[in-house]
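Let me begin by presenting the structure, written as structure tokens, before commenting on it.
The values are calculated or read from the model by the stated rules, or taken from the named source; none is laboratory data. Just so it is clear, the model here is predicted, and its values are computed rather than measured. Don't worry about glycine lacking a Cβ; one is built from the backbone with ideal geometry, like all the others, and counts go over all protein chains shown.
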Amino acid sequence: MSISTSPVPTRPQVEGTTRPVRHDPPIIVFQNVSKTYPNGVPAIRDISFTVPPRDFVFVVGASGAGKSTIIRLLIREETASKGHVLVEGQDLARLRRRHLPRLRRKMGIVFQDFKLLPTLTVAQNVAFAIQVTDPGRSHLKEKVGEALYIVGLEDKLNTFPTELSGGEQQRVAIARALVHRPRIFLADEPTGNLDPDAGWGIVQLLLQINHRGATVVMATHNREVVDLCRRRVLAMEGGMLIRDEQEGQYLKEGEANL
Amino acid sequence: MNPVPAIRFVVRSALQNILRNRGIAFASLLTVTLTLLGAGAAVGVVSALDTVLHQEETQASVLKVFMADHISFASALNMEHTLALEPSVRTASFESKDQAAAQASSTLGLGGALHILETTGAGNPLPASINLHLRNIGAVTRINNQVSTSALLYPGPHQTDYNKDVIPRVQHYILAAQLGGAILVAVVGAVALVIITISVRTAAFVRRKEIEIMKLVGATDWFVRWPFILEGMILGIISALLASAVLLGVGLAFGSGGSLALGVGVRLALLIMAGLVLGGAVLGSFGSLFGIRRSLAT
Ligand SMILES: Nc1ncnc2c1ncn2[C@@H]1O[C@H](COP(=O)(O)OP(=O)(O)OP(=O)(O)O)[C@@H](O)[C@H]1O
Ligand SMILES: [Mg+2]
């Protein structure tokens, strides 16, 4: 697997540093979190970490290590069996169901399978996120256009998702996730269905979103991406957090190259 | 949240739900129409039966209070007025001895016998009476017990006259008809509810990806629910209108004069149709709530 050196379509980059602001209170806190699914499978065992605002974090690990479970806990699709998950200081275990929409609107979320609606055009898919949360919002078109411009698809407004490449579809999903201007951006294997070039393009986009001020957590298998980016790495194994490095790599230095 | 675009979204999604699941929507429309048809027909039959039984009841709600011969006309009238003021008394009328005789000779053919008694100096044996029409059959016994203590009454065991055994029988029939109708409507309603629940559950299943995305991007539970509730309501109301049309057609075809089949009047017909539409809407919304519940669980 190799990644071509030619840069994928780039957008106007924000210059300057993207280093997280470490003296600010963390935006994400995992405090001795364990998660056991109802069928008794322990997916996460007693993990603790914090993420400062504007950090960019890769969560890596083998299949079944518990990466997706971390994402599901953050969007509160699941609740921790033990310990506390805090987002912007809010303990998600104590979040009322009716306040869940407020949490989700703070977050941009994308998955491996894009989750686009095939009957809607690109623009309609992006607009959908606004229409179902804030139907009266003004300048809908401009906001949709802006989000699609950021991901480089401003010329595909009226195209249907099935007419797009995988990478383009993921960009549409990212544009949809951006319309609420999320402070936290969560991506679960966003490159999992993409060829290396398209995958690299998506990672660039996430780095750019991080540049613009969002905290990004990306669960991934994609070793080359992780090794190229040299960002923070949380390595999971069997539900445990075995490594937390600031400029980490997919594998531990000197670890066997599988 | 601005209501206009929200409503537009909800209406559009509901109509899309129906159009996308044409098959299931049509099948549930048909079955719900049939069940509501059953409910409407049941209400029609029960109320027709009720009308007949109430006529019986009215006829049975008659109490004749016989007056003693010696009392004055004034005290008889006084008693009539007192009884007429009773809330359960619909009408009270005084029937003099002469009127009783005239009545007896014309309806019972006792003219000859009365004439003989009169001419032999024995006088008119028939007592004067106050004839009461009561508002309902249940009051007959009570009023009877109340007047029986009066000193103005004809002495002896036959102070009053009413139809003792008809009363409980008619009461039983009315109760049975109402109960049977209520049970039928309840069963039919439950069936319609289940059908709409299944239909909406299917629609929610077809739209599960959309629901998933809505929740992901932060739509509220109610925003997710509304299109489905509206879908259920539309199905329920259209079914009710179809059932009403069929019932009206049948009623007109078999009706005569100013009323529909089974002697159902225009007022009752309108009431049944309004009830069906309201029932359809309520069943539709609750069916939807049940149908969508599972999809909102996570
Ligand atoms: N809904 C669930 N019910 C029961 N067990 C589950 C559920 N989801 C995940 N698991 C189990 O929990 C463990 C962790 O799963 P998780 O999805 O977090 O892994 P992952 O690191 O994302 O794996 P992958 O790389 O394959 O996506 C696995 O053993 C998995 O089988
Ligand atoms: Mg996973």
- Message: Among the numbered criteria (1) modelled with pLDDT under 95; (2) within 14 Å of another protein chain (Cβ to nearest Cβ); (3) within 16 Å of ligand 2 (Cβ to nearest atom), which one does A:LEU186 miss?
- Response: (1)
- Task: Report whether or not B:ILE234 is among the β-branched types (Val, Ile, Thr) and in contact with a Gly (Cβ under 6 Å, 6 or more places away or on another chain).
- Result: no
- Number of positions in the stretch A:51-72 that are over 25 Å from A:ASP24 (Cβ atoms) and part of a helix (DSSP H, G or I): 4
- Message: So for the stretch B:54-76 (the condition being in contact with a strand residue (DSSP E or B) (Cβ under 6 Å, 6 or more places away or on another chain) and among the charged types (D, E, K, R)), does at least one residue qualify?
- Response: yes
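Among the listed residues A:GLN124, A:GLN112, identify the single one that is within 16 Å of ligand 2 (Cβ to nearest atom), surrounded by 15 or more Cβ atoms within 10 Å (Cβ to Cβ) and on the phi < 0 side of the Ramachandran plot.
Working: A:GLN124 fails: within 16 Å of ligand 2 (Cβ to nearest atom).
Only one candidate qualifies: A:GLN112.
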- Query: Taking into account only those residues within the stretch A:189-214 that are of a type in the set (S, T, N, Q) and within 16 Å of ligand 1 (Cβ to nearest atom), which is modelled with the lowest pLDDT?
  - Reply: A:ASN193
- Could you tell me which residue of the stretch B:11-44 is nearest to B:GLY279 (Cα to Cα), considering only residues that are more than 34 Å from the chain's Cα centre (by Cα) and either among the polar types (S, T, N, Q) or not assigned by TED's automatic domain parsing to the domain that holds B:PHE223 (or both)? B:ASN17
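Looking only at residues that are among the polar types (S, T, N, Q), more than 12 Å from the chain's Cα centre (by Cα) and within 8 Å of ligand 1 (Cβ to nearest atom) in the stretch A:58-89, which one is surrounded by the most Cβ atoms within 10 Å (Cβ to Cβ)? Walk me through how you get there before you give the answer.
Residues of the stretch A:58-89 among the polar types (S, T, N, Q): A:63, A:68-69, A:79, A:81.
Those left that are additionally more than 12 Å from the chain's Cα centre (by Cα): A:63, A:69, A:79, A:81.
Applying the additional criterion that residues be within 8 Å of ligand 1 (Cβ to nearest atom) yields A:63, A:69.
On the way: A:SER63: 7, A:THR69: 25.
Here the answer is A:THR69.
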- Conditions (1) of a type outside the set (S, T, N, Q); (2) within 14 Å of chain B (Cβ to nearest Cβ); (3) farther than 26 Å from A:SER68 by Cα; number of the one not met by A:PHE160: (2)
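Which of the residues that make up the stretch A:48-57 are among the β-branched types (Val, Ile, Thr) and surrounded by fewer than 21 Cβ atoms within 10 Å (Cβ to Cβ)?
Just the residues of the stretch A:48-57 that are among the β-branched types (Val, Ile, Thr), to begin with: A:50-51, A:57.
A:THR50 - this is the single residue of the stretch A:48-57 that is among the β-branched types (Val, Ile, Thr) and surrounded by fewer than 21 Cβ atoms within 10 Å (Cβ to Cβ).
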- Message: Please return the ranges of strands (runs of 3 or more DSSP E) entirely within the stretch A:143-258 where 2 or more residues are under 16 Å from the mean Cα position of the chain (by Cα).
- Response: A:184-188, A:215-220, A:232-237
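Here are B:ALA192, B:ALA240: which of them is buried (at least 21 other Cβ atoms within 10 Å of the Cβ), at pLDDT 85 or above and under 27 Å from the mean Cα position of the chain (by Cα)?
Numbers: B:ALA192 fails: at pLDDT 85 or above.
Among B:ALA192, B:ALA240, only B:ALA240 is buried (at least 21 other Cβ atoms within 10 Å of the Cβ), at pLDDT 85 or above and under 27 Å from the mean Cα position of the chain (by Cα).
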- Task: Can you confirm whether the stretch B:177-187 contains a residue that is within 14 Å of chain A (Cβ to nearest Cβ) and over 30 Å from A:ILE184 (Cβ atoms)?
- Result: no
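Right, A:LEU178: touching a Ser or Thr at 6+ places or on another chain (Cβ under 9 Å) and away from ligand 2 (no atom under 16 Å from the Cβ) or not?
Values: touching a Ser or Thr at 6+ places or on another chain (Cβ under 9 Å): no; away from ligand 2 (no atom under 16 Å from the Cβ): yes.
The answer is no for A:LEU178.
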- Message: Scan the stretch A:215-222 and tell me whether some residue there is away from ligand 2 (no atom under 16 Å from the Cβ), under 28 Å from A:LEU178 (Cα atoms), at pLDDT 95 or above and surrounded by 14 or more Cβ atoms within 10 Å (Cβ to Cβ).
- Response: yes
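Test A:SER34 against the criterion of being away from ligand 1 (no atom under 16 Å from the Cβ), in a strand (DSSP E or B) and more than 14 Å from chain B (Cβ to nearest Cβ), and give yes or no. I'd like the intermediate steps shown before the answer.
Working: away from ligand 1 (no atom under 16 Å from the Cβ): no; in a strand (DSSP E or B): yes; more than 14 Å from chain B (Cβ to nearest Cβ): yes.
No.
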